[in-house]
1. Go through (1) within 16 Å of the ligand (Cβ to nearest atom); (2) touching a strand residue (DSSP E or B) at 6+ places or on another chain (Cβ under 9 Å) for residue 205 and report which single condition fails.
2. Count, please, the residues in segment 201-220 that happen to be free of Cβ contacts under 8 Å to residues at least 40 places away in the same chain and surrounded by 19 or more Cβ atoms within 10 Å (Cβ to Cβ).
3. Can you tell me which residues in segment 374-391 are within 14 Å of the ligand (Cβ to nearest atom) and either part of a helix (DSSP H, G or I) or more than 29 Å from residue 321 (Cα to Cα) (or both)?
4. Tell me which residues, restricted to segment 333-373, are of a type in the set (Asp, Glu) and in a loop (DSSP other than H, G, I, E, B).
5. Could you check how many residues of segment 176-200 are in contact (Cβ under 8 Å) with a residue 60 or more places away in the chain and within 16 Å of the ligand (Cβ to nearest atom)?
6. When segment 97-135 is examined, which residues are found to be within 13 Å of the ligand (Cβ to nearest atom) and among the basic types (Lys, Arg)?
7. Could you check residue 329 against (1) away from the ligand (no atom under 13 Å from the Cβ); (2) in contact with a strand residue (DSSP E or B) (Cβ under 6 Å, 6 or more places away or on another chain); (3) among the aliphatic types (A, V, I, L, M) and say which number it fails?
8. Please specify each residue of segment 129-147 satisfying the condition of being under 30 Å from residue 90 (Cα atoms) and either small (Gly, Ala, Ser) or in a helix (DSSP H, G or I) (or both).
Amino acid sequence: MSRTSYPDTNAFMAELKAKNPSEPEFHQAVHEVVMSLDHFLNENPKYRYAGILERIVEPERMIIFRVPWINDKGEMRVNRGFRIEMNSAIGPYKGGLRFHPTVNLGILKFLAFEQVFKNSLTTLPMGGGKGGSDFDPKGKSDNEVMRFCQSYMTELYRHIGPNTDIPAGDIGVGGREIGYLYGQYKRIANEFTGVLTGKGLIYGGSLIRPEATGYGNVYFAQEMLKTKGESFKGKTVLVSGSGNVAQYTVEKVIELGGKVVTLSDSSGYIYDQEGIDAEKLKYVMYLKNTKRGRIKEYADKYGIKYVENERPWLEKGDIALPSATQNEINEIEAITLVSNGCICVSEGANMPSTHEAVQIFLDKAILFGPGKAANAGGVAVSGLEMTQNSMRLSWTRQEVDNRLQNIMKSIHETCTKYGKKESGFVNYVDGANIGGFVKVADAMLAQGAV
Ligand code: NDP
C-alpha cells in the first residue's frame with residue numbers, strides 16, 4: 001500500500017487478506033481495530049500519511065523453528081515453534097507463549113496484534129509479541145514437557161532477552177512450563193535475569209502474577225458495573241474455562257459476593273446451581289493444576305449437571321466472564337445471553353466473542369469489556385515483575401494488588417475517554433482500540449520510518 005493511497009477499510013482488508021491468506025483470526029482482530037479507528041484516523045490524518053495502519057499490521061519479525069524432542073518411549077517427536085515480534089515502538093516485545101495443538105501462525109499473529117494495543121493500555125513501557133507451539137502438553141508426562149520446553153528454548157533463547165523480548169505464559173504454559181523454560185535459558189545464556197515473567201516466587205516471580213488476569217478482569221467488570229450503580233454482590237456469574245484465568249476469576253467473584261455457576265474445558269461444561277464456593281474452587285485447582293484431569297470430574301464429585309461438548313452460554317446469568325479461548329461465544333449464544341438478562345460481558349480470554357457476538361452486545365448496549373482492555377491485568381503484573389527484577393526486590397502482595405487495581409481503573413478511564421458516544425453509551429471496543437493505538441502510533445511517528 002502506498003503512502004498516498006489512504007485505502008478505505010474494505011480495500012485495506014482485501015489487501016491484508018490477500019497478503020496473509022488462511023489466517024481468519026488475524027483478519028478478524030485487524031478488522032475490528034480498523035473499524036474502530038476509521039473515524040479517528042479521518043480526524044487525525046497524520047497517522048494515515050505516515051502509513052501507521054499499514055505498518056502496525058506487519059510484524060517486525062516472525063521466527064518459526066523446528067522443535068525436536070524425545071518422548072518417554074524413546075521416540076523422536078517434532079513440533080513447530082513460533083515467536084512473533086510484532087511491535088517494539090514503546091518497549092521490548094512482551095506477550096505470552098501458547099502450547100496447544102491448534103496453534104498456527106495466524107492465531108499467534110492475532111494474539112500478537114492484540115497484545116500491542118493491550119500493552120499500550122496498561123501505561124507500562126511494553127511492546128507486543130506472542131509465541132508458542134502446536135505441542136499439546138495434555139497427556140504428556142512432566143519429563144516429556146520438560147524435554148519439549150528445553151528444546152523449544154534452545155532455539156528461542158537467541159531471540160529474546162530482558163531488554164529485547166520477554167515471553168510469559170498463556171494457554172498450556174503455566175508455572176511448570178515457565179520453570180523448565182527459564183532453567184534452560186539460564187543454562188544457555190549463563191545469566192540470571194528477568195527474561196520470562198510468570199516465574200516462581202523463589203526465583204524472581206511476582207506475587208499476584210498467577211491471579212492477575214482473572215482478578216484484573218473482575219476489577220475491570222466492577223468498574224463497568226459501577227457506571228450503572230451495579231456490583232457483583234448477589235449476581236449469578238457464568239465463567240468458561242477452568243485454567244489459570246478462570247480459577248482466579250472465580251476466586252475474586254466469590255470474594256465480591258457473586259455466585260459462579262459454570263466452568264468448562266474443551267470437553268464440556270459444568271453447571272453448579274449452588275455456586276462454586278472456596279472449598280470447591282480448591283478442588284478445581286487441584287484437579288486442573290496437579291491432577292491435570294477433566295472438569296467432568298467436578299460434576300461426578302459433587303453430583304451436578306455436566307454437558308458434554310457444549311459451552312455455558314445458554315445458561316442464565318447476570319454476568320458472563322469468558323475465560324477459555326478465542327471465538328467461544330457465537331451470535332446465537334450472545335443473543336441468548338442478552339435475552340436471559342445478562343447485563344455485562346467481560347473478556348478474560350483473548351477474542352472469545354465472534355465479530356457477530358460483539359455486534360449483538362453493542363447493539364443491545366450492555367456493558368461489554370473487550371479482552372485487550374479487560375484481561376490486560378496479566379501483562380500489567382508481568383510488567384511489574386520486570387520492574388521488580390530490574391530493581392532486585394519484591395513488592396508485597398498488597399502493593400502489587402493495589403497497582404493492579406489502579407491500572408485496571410486507568411484502562412477503564414482510557415476506554416471511557418475514547419469510547420464514549422454522544423448518547424452517553426460507552427463503546428469499550430472503540431475505546432480500547434483507539435486508546436491503545438494513540439500511544440503506539442505517536443511513538444512510531446516520532447521514530448520515523450521504522
Ligand atoms: P490455561 O491453559 O490455564 O486454561 C485454558 C482453559 O481453556 C482450559 O480450561 C482449557 O481446557 C480451555 N480451552 C483451551 N482451548 C480450548 C478450546 N479450543 N475450546 C474450549 N476450551 C478450551 O490458559 P489460561 O487460563 O492462561 O488462558 C485462557 C485464556 O485467557 C486464553 O484466551 C488466553 O490467551 C487468555 N489470557 C491469558 C492470560 C494469562 O495471564 N494466562 C493473560 C491474558 C489473556 P482444556 O484443558 O480442555 O484444554
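The values are calculated or read from the model by the stated rules, or taken from the named source; none is laboratory data. Because the structure is predicted, anything quoted here is derived from the model rather than measured. No Cβ is skipped: glycine too gets one built from the backbone with ideal geometry, and neighbour counts run over all protein chains shown.
1. Status for residue 205: all satisfied but (2).
2. So the answer is 1.
3. Looking only at segment 374-391, we keep the residues that are within 14 Å of the ligand (Cβ to nearest atom), and these are 374-385.
The answer is 374, 377, 378, 379, 380, 381, 382, 383, 384, 385.
4. Hit for segment 333-373 is 347, nothing else.
5. Number of matching residues: 5.
6. If the condition is that a residue be within 13 Å of the ligand (Cβ to nearest atom) and among the basic types (Lys, Arg), then 98, 118, 130 are the ones that fit.
7. With (1) away from the ligand (no atom under 13 Å from the Cβ); (2) in contact with a strand residue (DSSP E or B) (Cβ under 6 Å, 6 or more places away or on another chain); (3) among the aliphatic types (A, V, I, L, M) applied to residue 329, the lone miss is (1).
8. In the first step, residues of segment 129-147 are kept if they are under 30 Å from residue 90 (Cα atoms); the result is 129-134.
The answer is 129, 131, 132, 133.
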